[in-house]
Amino acid sequence: MTQRFYVTTPIYYVNGSPHIGHAYTSVVADALTRYHRLRGQRARFLTGTDEHGQKIEREAVKAGMAPQAFVDDVSQRFRGLWPKLGVQPDDFIRTTEARHVAGVQKWWRKVRDAGDLYKGSYKGLYCVACEGYKTEKELLPGNLCPIHERPVEERAEETWLFRLSKYQDRLLKLYEEHPEFVLPETRRNEIVSFVQGGLEDLSVSRSNFTWGIPVPDDPGHVIYVWFDALFNYLTAVDETPERAFWPPQIQLVAKDIVRFHTVYWPAFLMSAGFERAQLPTTIWTHGYLLSGGRKTSKTPGLTAVKTSGTTDPVRIADVLGADVLRFYLLREVSFGQDGEFSIPGIIGRARAELGETVGNLLHRALPFVGKYFDGRVPEVKDESLTETERTLRARVATLVTEAGAAWDTLTMHRALELTIEVARTANRYFDETAPWKLAKSDDRTRLGVVIAHVLEIVRVVAVMLSPVTPTKSEELLHQLGLGALTPTEDTDLWPTQWGGLLVNTVVRPGPPVFPKYDPPTEAAMLLSLDVRDAEPATEKSPPKNKGPMSTDEKPATESPAAVPTTAAVAPAAPAAPAAVTAEEASAIIAYDDFAKVDLRVGKVLTAEKIPRKDKLLKLSVDLGEASGPRTIIAGIALAFPVVEELVGQQVVVVANLAPRDFGKGLVSHGMLLAASSPESLSLATFAKPYAAGTRVK
Ligand code: MSP
């Protein structure tokens, strides 16, 4: 029977826009789903939004909106984020949907009928941000919530209480007999000692506000938001054919909500009649993404943003590409630990491991296929194999198996490390066998063996990366002459078998799969993602792989042919990465939207370098305005070592952008348009002179 895999993320509060922390959990869930499908399993991935409760009600009031209109709007922002990140949930549940409301009331009745709900009163200290009571000993000085560092509110209310205390022993037995229920182990230890410390009955209704699901048969109360929210995992599949997926194998949560998921949630389910086999298999707690040492949140600190860059996942994906961001999130952070997030970090990883290792491998080998094998994958006869190939294949097989095991234990950073090691191994093999020399020596058989091995390893790596970089993997496979992966139930596509790339396959060499992060492009990327003070990642890059990329021993680089693209070089506009995705290319805007951009002819009056800002130039640009020339700070310094060349040049200026403050008195009042390729950057200009300020349309 086909194995099933059901993974969930927490449902996100709609009290603010999504940020990189939310994206993180969903990217992980998406990658896990893709991995399990690749292995022939039936996988289902659920995410959604948590829309009830006092916190949301207060935000709606602040926004001057009715709660339903408010949650509709914010929920849509979450839903709209996923396609931009290549995240494809099978279902997106909202707690204000009828299916969920009816489901929660059904499960409430079950718990009530089991005798686990009773009316009483509750007095305690409530944190609205957590939507939970705190004990006095948990609080920070000044009665502050330890998680949100905000004052708790004293509450005394008539409430429905859930007999949580009754489940203490059953919960402890669950943790003991099924240690996999709470992972990683450190979290289990914390939870076990919390439950051993004694459980009080839990207040599960509210009567001081109305934005929630009404308590069945008691209209003065709404159901506590956590009782409501936790049941989403069940209501999404309950009474549908997808119920077969129940129970979830992996429920992802961050550490602030581990108690709700590992204590309250199983207790609610036990009360509703669920036996162990019907409880979630594992609640997996991951760490926080930090920015400048602090948890990324809806209101990131200014200092963090200055050095680490924006935490808006959409802007990051627009500039750097979704796959590159996904790779970084899974590769950089040891899953389960906190991890520092930074834009220079993303670029550094992408360049060193995707561009200079994986992309490099493909683009080193392909030119040989065109030149010596008529564009087709060369044949390899068993008798032509040497000890070197046998060792290489054995090493790759070991790495592929180990990487699979790492995915199975949710050590994705390790799985990706092993994946990159496969590509590194092949780059070393390429260096050692020196196909450019073999080509000169006319030993076509040996040359064919080497090139076929390298190409097969590119296939292996593309498949291994595909849960994380689905689009880029498809591009790699396409250039190898292969079609997209089509996971099918019961067929394991994990590349444990050597030889998926068949002899005579016609390769399709194309543009570089991963952009080359050369200094001007990188500087523009950093600027447009709000990184002000960080050193560019280029300077911290590990050494490149050595070896030629053409058949004539040119220096190693990923790109056989530069692909020019347009790039904005001043702040606030995203610089396009070298490869433009089909989705980006087809994003049509109305003329009215275009007309909002005020483009003007400008004339550069002065240009100067800025001390200690290698990438920036300060320009004074005449736009024919009565107020005088404008100061524009542009990230083009590396392309213009002789700044005087710029003086007198006609440029195209985006004149109606909000000013951008670079700190230390540097404020930019506009942006220049430019085109850039991995090799060069030039400013947009005109063949004939026009008066400064002429409108460009
Ligand atoms: N609504 C509750 C969850 C209810 S689940 C039945 C909630 N929502 S939340 O909007 O605060 O999102 C919490 C989840 O978002 C975290 O558990 C985590 O998965 C993700 N993250 C939010 N910020 C994060 C970081 N800075 N780092 C990592 N993950 C983060 O709690």
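General remarks:
- Computed from backbone phi, the HN-Hα couplings of region 332-340 come to 7, 9, 5, 5, x, 9, 6, x, 7 Hz, rounded to whole numbers (Karplus: 6.51 cos²θ - 1.76 cosθ + 1.60, θ = phi - 60°; Gly and Pro given as x).
- At q = 0.08, 0.10 Å⁻¹, base-10 log of I(q)/I(0) for the chain (Debye sum, equal scatterers on each alpha carbon): -0.73, -1.04
- Reachable lysines from K381, criterion Cα separation under 29 angstrom, eight or more residues apart if same chain: K371, K437, K440, K546
- K609 versus T694: modelled label distance in nm, points set 7 Å from Cα along the beta carbon direction: 3.4 nm
- Note that region 346-528 presents 36 Å² accessible area per residue, ligands and nucleic acids not counted, probe 1.4 Å.
- Taken about its Cα centre, the chain carries a charge dipole of roughly 860 debye when the Cβ of each Lys and Arg holds +1 and the Cβ of each Asp and Glu holds -1.
- Carbon/sulfur fraction of accessible area - the chain, other protein chains in place, 1.4 Å, %: 52 percent
- Among beta bridges that DSSP assigns inside the chain, antiparallel share in %, nearest 5: 70 percent
- Each residue of region 196-266 gets 137 Å³ once the volume of the Cα convex hull is shared out per residue.
- Cα-derived Rg to Rh of region 99-164, Kirkwood definition: 1.10
- Only one residue of L681, P367, V422 has its Cα farthest out toward the positive end of the dipole of the chain, where Lys and Arg carry +1 and Asp and Glu -1 on Cβ, and that residue is L681.
- Dimensions (Å) - region 360-457, Cα atoms, principal axes, largest first: 47, 27, 21
- Sparse packing (at most 11 other Cβ atoms within 10 Å of the Cβ) combined with a DSSP loop state is found for none of the chymotrypsin sites (Phe, Trp or Tyr not before Pro) in region 309-410.
- Under 5 Å, built H, 5+ apart or other chain: amide partners of Y6: R44, Q249, I250
- When the helices of the chain are scored as -39500 (n - 2.57) per DSSP H run of n ≥ 4 and the total is divided over every residue, the value at 222 nm lands at -11000 deg cm²/dmol.
- Relative contact order of region 1-45, defined on C-alpha pairs under 8 angstrom at six or more residues apart (%): 61 percent
- In a simple Cβ point-charge model (Lys, Arg +1; Asp, Glu -1; nothing else charged), region 472-519 has a dipole of about 300 debye relative to its Cα centre.
The values are calculated or read from the model by the stated rules, or taken from the named source; none is laboratory data. Every value quoted in this text rests on a predicted model; they were computed, and no experiment measured them. Note that each Cβ is placed from the backbone with ideal geometry, even for glycine, and that neighbours are counted across all protein chains shown. To get the accessible areas, we keep the full protein, side chains included, count just its heavy atoms, and leave off ligands, DNA and RNA. Shrake-Rupley method; radii C 1.70, N 1.55, O 1.52, S 1.80 Å.
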